[in-house]
1. Consider only pairs whose beta carbons are under 8 Å apart and that are at least six residues apart or on different chains; among these, list those whose first residue lies in the range 349-366 and is at pLDDT 95 or above and whose second residue is part of a loop (DSSP other than H, G, I, E, B) and charged (D, E, K, R).
2. Could you list all residues from the range 132-151 that are within 16 Å of the ligand (Cβ to nearest atom) and in contact with a His (Cβ under 8 Å, 6 or more places away or on another chain)?
3. Can you find, within the range 318-339, the residue that is farthest from LEU208 (Cα to Cα) among those that are in contact (Cβ under 8 Å) with a residue 60 or more places away in the chain and open to solvent by 20 Å² or more (accessible area, probe 1.4 Å)?
4. If you go through the range 195-229, how many residues are part of a loop (DSSP other than H, G, I, E, B) and either touching a strand residue (DSSP E or B) at 6+ places or on another chain (Cβ under 7 Å) or farther than 20 Å from HIS173 by Cβ (or both)?
5. Among (1) buried (at least 20 other Cβ atoms within 10 Å of the Cβ); (2) of a type outside the set (S, T, N, Q); (3) within 18 Å of the chain's Cα centre (by Cα), which single condition is LEU275 missing?
6. Hey, among the residues in the range 285-307 that are open to solvent by less than 10 Å² (accessible area, probe 1.4 Å) and not in a helix (DSSP H, G or I), which one's nearest to GLY378 (Cα to Cα)?
7. Inside the range 33-139, counting only helices (runs of 4 or more DSSP H) that do not spill past its ends, which hold 2 or more residues that are in contact (Cβ under 8 Å) with a residue 24 or more places away in the chain and among the hydroxyl-bearing types (Ser, Thr, Tyr)?
8. Given the condition free of Cβ contacts under 8 Å to residues at least 60 places away in the same chain, away from the ligand (no atom under 12 Å from the Cβ), open to solvent by less than 10 Å² (accessible area, probe 1.4 Å) and not charged (D, E, K, R), answer yes or no: does some residue in the range 199-215 qualify?
Amino acid sequence: MLTLDFHPTGRHFLQIPGPSPVPDRVLRAMSYPTIDHRGPEFAALGLKVLADVKKIFKTTQPVIIYPASGTGAWEAALVNTLSAGDHVLMYETGHFAWLWQKLATRLGLKAEVMSHPGSEVWRHGVQAHLIEERLKADTAHAIRAVCVVHNETSTGVTSNIAAVRKAIDAAKHPALLLVDTISGLASADYCHDAWGVDVTISGSQKGLMLPPGISFNAVSAKAIEASKKATLPKSFWAWDEIIEMNKTGYWPSTPNTNLLYALSEACDMLLEHGLDAVFARHQRWAEGVRSAVKAWGLQIQCADPAVYSPVLTGVMMPEGVDADAVRKIIYERFDCSLGTGLGKVKGKMFRIGHLGDCNDLTLMAALAGCEMGLKLAGVKLAGSGVQAAMDYFSSHAATVLERKAA
Ligand SMILES: *Cc1c(COP(=O)(O)O)cnc(C)c1O
């Protein structure tokens, strides 16, 4: 038997930006008995979660739930709407946008990658005007879809999705808008319908505070129309049969019953508290964490304060410091996991998650672990980030909105 005894006492500090710490209430819900997924009780659960997730995506249109990680839902969004060789415009904001492009290419799509001009690597969100210019130049309307990541988990940079919609409309271009908010949903505001998104992709183990294992496609009428003509091979991922069976609360194949209990519980928690309160809470935590990074005299990976992520903060290391060596010290000495730098920023930065089940004091502990680890690694700090974050949290009480009881 695998003995999970490497975290000897107390709670491990899981400060990576997903999987995020799961609230006890959600873990308990998962321990209900597994039931017959074709039986009468199941339909009540199925219909409830399908209705609840629509509120989280802010949509009245179908949301498809897959027993898969986010990567599966990425693939589902593409294979349901596109055909072999289709031209897609993908904006590289960071490692996850890059991975999605790789997946699209492997599926046989022609992925055109755009990125921020200049030499800084992955420090900005999507520049909607560049998308507008590119679409205007595509007078033949060869581009079938524009793909962007809402919350780039590899860096802590968000993108303005409403602005991307406006850009597509301003160019009078028929391309579909596909958006990955795998890590943003339920922590950063997201409006599938109001922002005119055609397919929104999300996953369970980040802002939604669930364990890994389910993922989502929220769709539009235009996306469903496109799916009728799209010819990339699809069977397991095909929306049509799932949407049809979901009308009665069931799925064509076996859904992840116990994770659906968890989803139901997480939706109750989010909706009881109110989404605006949840978003405000993450904004405040993010501000507290950034105040610590600034006091240390370190750079925040996101170079544009307008698009700082409320979900996680990327911390850049000074020249010559290996971010993974710092992470290792913090893990081994203080039992705290931080996100590694991915792809092009490997070793150059680490990530602090402020998502899932956390509060002011768990974040303070994580920041204390970071500060001690940075010092042990020999990083010269300008001042105490812990003190700065304590000052921030004590002088900015959570608003009535954030504390509001159900
Ligand atoms: C985590 C993540 C993914 C990949 O999801 P998996 O669940 O690991 O398959 C894709 N995009 C973003 C933005 C993510 O945060």
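The values are calculated or read from the model by the stated rules, or taken from the named source; none is laboratory data. This is a predicted model, so every value here is computed, not measured. Heads up, the Cβs are rebuilt from the backbone with ideal geometry, glycines too, and the neighbour counts pull from every protein chain shown. These area figures cover heavy atoms from the full protein model, side chains too; ligands, DNA and RNA do not enter into them. Shrake-Rupley method; radii C 1.70, N 1.55, O 1.52, S 1.80 Å.
1. Taking only residues 6 or more apart or on different chains, the pairs are LEU355/LYS206; GLY356/LYS206.
2. none
3. Quick first cut of the range 318-339, residues in contact (Cβ under 8 Å) with a residue 60 or more places away in the chain only: 318, 334-339.
Filter once more, so that each one left must be open to solvent by 20 Å² or more (accessible area, probe 1.4 Å): 318, 334-335, 337.
Values: PRO318: 33, PHE334: 26, ASP335: 24, SER337: 19 Å.
Checking each candidate, the answer is PRO318.
4. Narrowing the range 195-229 to residues part of a loop (DSSP other than H, G, I, E, B): 195-198, 204-214, 220.
Of the ones still in play, those that are also either touching a strand residue (DSSP E or B) at 6+ places or on another chain (Cβ under 7 Å) or farther than 20 Å from HIS173 by Cβ (or both) are 196-198, 204-214.
Final tally of qualifying residues: 14.
5. So LEU275 meets the others, but not (1).
6. GLN301
7. By residue number, 70-81.
8. The answer is no; no qualifying residue exists.
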